[in-house]
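Here's the structure, in structure tokens; my notes come after.
The values are calculated or read from the model by the stated rules, or taken from the named source; none is laboratory data. These figures come from a predicted structure and were not determined experimentally. Positions of Cβ are backbone-derived with ideal geometry, glycine not excepted, and every protein chain shown enters the neighbour counts.
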Amino acid sequence: MSLHVTLELTATEGRAEELIAVFKKHLPDTRARQGCEFVTVHQDRANPHQILLIERWTTMEDDQAYRAWRAGEGAIRDMKGLVAAPPVLRYFDDADA
């Protein structure tokens, strides 16, 4: 059973397109990580500064290894100044009957 993850980010005023461009540049690395089944980027129509990443990972361990990598050697330094608030990370399990 896969793990579904959402990551909500608030772009700094006037810099949402720059943030999306950073994701376009760096998400191939994410998609190549062990256990990454997919990751997509979405922009809120009503508030374009709200960016949502939807991810699916094979296991929690794969996701945790990825997050540790991004916090260290895989850090995306181009994001500095592009995010206005702390990110909101949520984990979901399949629940359909």
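May I ask you to list the residues in the range 1-39 that are charged (D, E, K, R) and under 21 Å from Arg77 (Cα atoms)? Glu8, Glu13, Arg15, Glu17, Glu18, Lys24, Lys25, Asp29, Arg31, Arg33 - these are the residues of the range 1-39 that are charged (D, E, K, R) and under 21 Å from Arg77 (Cα atoms). When Glu37, Glu55, Glu17, Glu8 are checked against the criterion of being charged (D, E, K, R) and either modelled with pLDDT under 95 or not in a strand (DSSP E or B) (or both), Glu17 stands alone in meeting it. All of (1) within 27 Å of Met1 (Cβ to Cβ); (2) assigned to a loop (DSSP other than H, G, I, E, B) hold for Ala75 with one exception: (1). Restricting attention to the range 59-68, the residues being free of Cβ contacts under 8 Å to residues at least 60 places away in the same chain and either of a type in the set (Asp, Glu) or in contact with a Lys or Arg (Cβ under 7 Å, 6 or more places away or on another chain) (or both) number 3. All conditions but one from (1) under 21 Å from Ser2 (Cβ atoms); (2) touching a strand residue (DSSP E or B) at 6+ places or on another chain (Cβ under 9 Å) apply to Arg70; the one that does not is (2).
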